[in-house]
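Novice: Can you read through this structure? Questions will come right after.
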Amino acid sequence: MAHSPSEIPTSVYPSSPDARTRWILERRSARNALDPLRPYAFLAETEAGGDGAPVDVATIFLTNRECPWRCLMCDLWQNTLEETVPEGAVAAQIAHALVNLPPRTARPSALKLYNAGSFFDPRAVPVAEYPTVARLAAPFDRTIVECHPALVGPRVREFRDLLEGRLEVALGLETVHPEILERLNKRMTLDQFRRAADFLHDEGIDLRVFILVRPPWLTEAEGVEWAKRSLDFAFDCRASVCSLIPTRPGNGAMEALQAVGEYHRPALDSLESALEYGLSLRAGRVFADLWDVDQFIRCGRCAEQRVQRIRSMNASQTTPARIDCVHCSRADSRF
């Protein structure tokens, strides 16, 4: 069941969007020093493709201007700039990463261009860069970018038309919990998300969706339940991929909520349970984000096996037998 607004604690977190933004900004630390001509990170990954077979993915984390939204849970601003990058900088970053990434072991597959905000925000990625970026993406079958639903529109179509391969746009749904989505300060409604998803579908562009596991103000069991409901909604919006992200501290605001008991790290078991549910739907691919996974571990005896099981589910898109651990305080009936 959803909390009513009166049931969600509000001891430290403001009720109005403008006040929330100020509160979030006041709790930030300094951002990292970055070179606008270099991506702040890049790596080679493998993920299950649409046919279930593993595919190579070149993931590049672009350096550019900070996202104009101030979402409560976001820590990506730490690797952003305060100004728009010079023309040619984004292409230079991509070219640098592609030269320095290890050789791919399979045929060219996917290029992820994640930019800590919205690829289609012209203050982050200048529109004049689109043709050069598209040429750099030409060897790849698929280009994946991220965007706020509010910026899904003609620029998406413009970029798609320049690509030789297929375009996939990742949108942050976060949660379908009606009150908590609003409190995340994302300035988005579920209707707006669905309209953006419909636009992508009508334009023949694939949809990837980010979903939070246990955002603030939810119990452990509620966190799993609302992750499941969010998966249902995302696939109803015709998502081809859903990525489950355990809600992390690390941006100042989350620590402030944690200090007063309004946010708790989700358990690894919750991420695992949400992933199991998503895979059981057989509606599209589902991945669990395991970055910095150690902070979600509550039982050291079964942790290695449990993390390996999640990695196996990510890779195979199947659900192997659960890990039984007599040392855990886990109770499957909660879910």
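The values are calculated or read from the model by the stated rules, or taken from the named source; none is laboratory data. Since we're looking at a predicted model, the values are computed, not measured. Methodologically, a virtual Cβ is constructed for each residue, glycine included, from the backbone with ideal geometry; neighbour enumeration extends over all protein chains shown. These accessible areas exclude ligands, DNA and RNA; they are computed on the full protein's heavy atoms, side chains included. Shrake-Rupley method; radii C 1.70, N 1.55, O 1.52, S 1.80 Å.
Novice: Kindly indicate which of 30, 44 is free of Cβ contacts under 8 Å to residues at least 12 places away in the same chain and surrounded by fewer than 19 Cβ atoms within 10 Å (Cβ to Cβ).
Specialist: Going through 30, 44 in turn, just one is free of Cβ contacts under 8 Å to residues at least 12 places away in the same chain and surrounded by fewer than 19 Cβ atoms within 10 Å (Cβ to Cβ): 30.
Novice: Does residue 208 meet the test of being in contact with a His (Cβ under 6 Å, 6 or more places away or on another chain) and either buried (at least 22 other Cβ atoms within 10 Å of the Cβ) or not polar (S, T, N, Q) (or both)?
Specialist: no
Novice: Which ranges mark the helices (runs of 4 or more DSSP H) fully within region 175-239 that have 1 or more residues being closer than 22 Å to residue 261 by Cα?
Specialist: The helices (runs of 4 or more DSSP H) meeting that bar are 178-183, 220-236.
Novice: Can I ask one more? Identify, by number, the condition in (1) free of Cβ contacts under 8 Å to residues at least 40 places away in the same chain; (2) among the small types (Gly, Ala, Ser); (3) surrounded by 22 or more Cβ atoms within 10 Å (Cβ to Cβ) that residue 116 doesn't meet.
Specialist: For residue 116, the exception is condition (1).
Novice: Report yes if residue 315 is open to solvent by 40 Å² or more (accessible area, probe 1.4 Å) and either at pLDDT 95 or above or farther than 19 Å from residue 54 by Cα (or both), otherwise no.
Specialist: So residue 315 passes the test.
Novice: Separate question: For residue 180, only one of the following conditions fails: (1) among the hydrophobic types (A, V, I, L, M, F, W, C); (2) in contact with a strand residue (DSSP E or B) (Cβ under 7 Å, 6 or more places away or on another chain); (3) buried (at least 19 other Cβ atoms within 10 Å of the Cβ). What is its number?
Specialist: Checking residue 180 against (1) among the hydrophobic types (A, V, I, L, M, F, W, C); (2) in contact with a strand residue (DSSP E or B) (Cβ under 7 Å, 6 or more places away or on another chain); (3) buried (at least 19 other Cβ atoms within 10 Å of the Cβ), the one that fails is (2).
Here's the yes/no breakdown for (1) among the aromatic types (Phe, Trp, Tyr); (2) surrounded by 19 or more Cβ atoms within 10 Å (Cβ to Cβ); (3) under 15 Å from residue 227 (Cα atoms):
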residue: 275; (1), (2), (3): no, yes, yes
residue: 281; (1), (2), (3): no, no, yes
residue: 286; (1), (2), (3): no, yes, yes
residue: 295; (1), (2), (3): no, no, no
residue: 305; (1), (2), (3): no, no, no
residue: 309; (1), (2), (3): no, yes, no
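Novice: I would also like to ask the following. Determine, yes or no, whether residue 270 is touching a residue at least 12 places away in the same chain (Cβ under 8 Å) and either part of a helix (DSSP H, G or I) or surrounded by 13 or more Cβ atoms within 10 Å (Cβ to Cβ) (or both).
Specialist: Taking the combined requirement at face value, the residue satisfies it.
Novice: Does residue 24 satisfy the criteria of being open to solvent by less than 70 Å² (accessible area, probe 1.4 Å), over 18 Å from residue 289 (Cβ atoms) and not in a loop (DSSP other than H, G, I, E, B)? Full working, then the answer.
Specialist: Numbers: open to solvent by less than 70 Å² (accessible area, probe 1.4 Å): yes; over 18 Å from residue 289 (Cβ atoms): yes; not in a loop (DSSP other than H, G, I, E, B): yes.
So residue 24 fits the description; yes.
Novice: Something else: Find all pairs meeting these conditions: Cβ atoms under 9 angstrom apart; at least six residues apart or on different chains; first residue within region 78-94 and open to solvent by 10 Å² or more (accessible area, probe 1.4 Å); second residue of a type in the set (Asp, Glu) and part of a loop (DSSP other than H, G, I, E, B).
Specialist: So the pair list comes out as 81/66; 82/66.
Novice: On to the next question. Pairs needed: first member in region 301-322, at positive phi and in contact (Cβ under 8 Å) with a residue 60 or more places away in the chain; second member anywhere, of a type in the set (D, E, K, R) and open to solvent by less than 50 Å² (accessible area, probe 1.4 Å); C-beta distance under 8 Å; at least 6 residues apart or different chains.
Specialist: From residues that are at positive phi and in contact (Cβ under 8 Å) with a residue 60 or more places away in the chain, the pairs are 317/285.
Novice: Being over 30 Å from residue 202 (Cβ atoms) and open to solvent by 60 Å² or more (accessible area, probe 1.4 Å) is the requirement here; does residue 260 meet it? If you could, list the steps in order and put the result at the bottom.
Specialist: Numbers: over 30 Å from residue 202 (Cβ atoms): yes; open to solvent by 60 Å² or more (accessible area, probe 1.4 Å): yes.
When the stated conditions are applied, residue 260 passes them.
Novice: Show the residue pairs meeting these rules: Cβ distance below 6 Å; 6+ apart or different chains; first residue within region 187-203 and open to solvent by 50 Å² or more (accessible area, probe 1.4 Å); second residue in a helix (DSSP H, G or I).
Specialist: Partner pairs satisfying both residue conditions: 192/149.
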